[in-house]
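J.: Sharing a structure here in structure tokens format.
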Amino acid sequence: MAPPPVGGKDIGKYDPNFEPLFMIAQEEQNKNHKRGEFDIAMPTLLCAVSPNGNIAWGNSSVYELHILNPEGKRIRKIQKAHSPLALTAKEKERYEKEYSEVLASGGKLNFPGHFPAFMNIAVDDKEWLWVKTYERVEGEENSYYFDIFDAEGKYMAKVPMRVNLDQSAVWKEKVLYTIETGKEGFQMIKRFKVRWKIQGIAS
């Protein structure tokens, strides 16, 4: 994120001295933004880097993901049919509860009519792409469905997960390490064993 008054967001690759090697995508500043207002669940640029240095990125306004090699050349594009998920009154209540202090101090939340195509993306140590959607798991707080694509971009599965696959998540030999916040507010490292069972065959 660039500082004010520029704002916006850039995705690019830099050398160890933070000199730019190449730019990938840019997001302009929201010039209509007002102080004290918070835009909820708005489309944005998202990216993830694989252990091999490949770069996955996309603009969540559409379900389209680009896979680049370490030199910035696109090697794959992934598209998936997507029906926009409506932002219901129940979902708005969830956000109002989360931002209760902001609202109490006079802040305002701006809601879109629909959620973006996805919330976040991650790449595991097999170069598989995990796309976190806004679709919640019914009856489970903070659990969402992930779309999973293999290293060739083939759609594999839709999986419910509770963990947060952000930039701090680490994959190693079918084990996922994440940083989670407990009920007491303390952060901890959690380790998850990942196993697949497709068409009755465990792997």
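The values are calculated or read from the model by the stated rules, or taken from the named source; none is laboratory data. Since this is a predicted model, take the numbers as computed values, not measurements. For neighbour counting, all protein chains shown are included, and Cβ atoms are generated from backbone atoms with ideal geometry for every residue, glycine included.
J.: Pick from region 134-160 the residues that are under 22 Å from Val175 (Cα atoms) and among the β-branched types (Val, Ile, Thr): which of them is surrounded by the fewest Cβ atoms within 10 Å (Cβ to Cβ)?
T.: Val159
J.: Any residue that is among the aromatic types (Phe, Trp, Tyr), farther than 30 Å from Tyr155 by Cα and part of a helix (DSSP H, G or I) - is there at least one of those in region 88-107?
T.: yes
J.: Looking at (1) in contact with a strand residue (DSSP E or B) (Cβ under 8 Å, 6 or more places away or on another chain); (2) over 30 Å from Asp15 (Cβ atoms); (3) part of a loop (DSSP other than H, G, I, E, B); (4) free of Cβ contacts under 8 Å to residues at least 60 places away in the same chain, which one does Gly72 not meet, given that it meets all the others?
T.: (2)
J.: For region 182-198, how many residues are at pLDDT below 80 and surrounded by 10 or more Cβ atoms within 10 Å (Cβ to Cβ)?
T.: Here the count works out to 2.
J.: For the condition over 24 Å from Ser168 (Cα atoms), out of contact with any Cys (no Cβ under 6 Å at 6 or more places or on another chain), modelled with pLDDT of 95 or more and not hydrophobic (A, V, I, L, M, F, W, C), what is the one hit in Lys77, Lys108?
T.: From the options Lys77, Lys108, the qualifying one is Lys77.
J.: Another question, if that's okay. Among all residue pairs at least 6 apart or on different chains, which show Cβ distances below 6 Å where the first residue, located in region 6-25, is free of Cβ contacts under 8 Å to residues at least 40 places away in the same chain and the second is surrounded by 12 or more Cβ atoms within 10 Å (Cβ to Cβ) and part of a loop (DSSP other than H, G, I, E, B)?
T.: From residues that are free of Cβ contacts under 8 Å to residues at least 40 places away in the same chain, the pairs are Gly7/Gln29; Gly8/Ala2; Gly8/Gln29.
J.: Given the conditions (1) farther than 27 Å from Val62 by Cβ; (2) without any contact (Cβ under 8 Å) to a residue 40 or more places away in the chain; (3) in contact with a strand residue (DSSP E or B) (Cβ under 9 Å, 6 or more places away or on another chain), report the number of the one that Arg136 does not fulfil.
T.: (1) is the only condition that Arg136 fails.
J.: With Val175, Val102, Val163 as the choices, which residue is surrounded by 12 or more Cβ atoms within 10 Å (Cβ to Cβ) and within 14 Å of the chain's Cα centre (by Cα)?
T.: Criteria check complete, one pass: Val163.
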